[in-house]
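Only one structure is covered here, and it is reproduced in the block below.
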Amino acid sequence: MVSTVFDAVRTLTPKRHNWRICVRIARMWNMTARQGHGDTSSLELVLQDVHGDRVHASVRSVFVHRHDKHLEEGTVVDVSNFAVAPATGSYRPTEHLYRVNFQFGTVVRPRKDDQSIPRYGFGFKTFSDILSSDFDDRFLFGE
């Protein structure tokens, strides 16, 4: 039996294109267009690996139907053939410098639940951190 080697989430950068990660879908939600009629504009995910590192991932609406059958919050998946891009803007669910973008050729394989991948990935902040002048409010926190 061949052992599969996965890349760590913390190592993801746009400099490579052959990434393969094994992650738990820690959070998942639909984004709707600002002026739309409630239609999904993208499926957003927070992916967490065995080290507890998290990265934001997006599945554009044109690709949602290709992947949604394998995407369920709390499950473990093997993801390959995706793009990595800078995480920019004022909407950042993780502190990772980059984000994962699912593409037409992205492959998602469900895996047996791996208890070594944390089920929850909280990064708690103290009230003094939140109230401090150097608190970076670009990152989402809370429920």
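The values are calculated or read from the model by the stated rules, or taken from the named source; none is laboratory data. Note that the structure is a prediction, hence the values are computed from the model and not measured. For neighbour counting, all protein chains shown are included, and Cβ atoms are generated from backbone atoms with ideal geometry for every residue, glycine included.
Restricting attention to region 15-22, does a residue exist that is assigned to a loop (DSSP other than H, G, I, E, B), more than 23 Å from residue 119 (Cα to Cα), free of Cβ contacts under 8 Å to residues at least 60 places away in the same chain and touching a helix residue (DSSP H, G or I) at 6+ places or on another chain (Cβ under 9 Å)? The answer is no, given that none of the residues of region 15-22 is assigned to a loop (DSSP other than H, G, I, E, B), more than 23 Å from residue 119 (Cα to Cα), free of Cβ contacts under 8 Å to residues at least 60 places away in the same chain and touching a helix residue (DSSP H, G or I) at 6+ places or on another chain (Cβ under 9 Å). Would you say residue 64 is modelled with pLDDT of 95 or more, surrounded by 14 or more Cβ atoms within 10 Å (Cβ to Cβ) and either hydrophobic (A, V, I, L, M, F, W, C) or touching a Ser or Thr at 6+ places or on another chain (Cβ under 6 Å) (or both)? In short, no.
Among the residues of region 76-100, those that are assigned to a loop (DSSP other than H, G, I, E, B) and either touching a residue at least 60 places away in the same chain (Cβ under 8 Å) or surrounded by fewer than 20 Cβ atoms within 10 Å (Cβ to Cβ) (or both) comprise 81, 82, 87, 88, 89, 90, 91, 93, 95, 96, 97.
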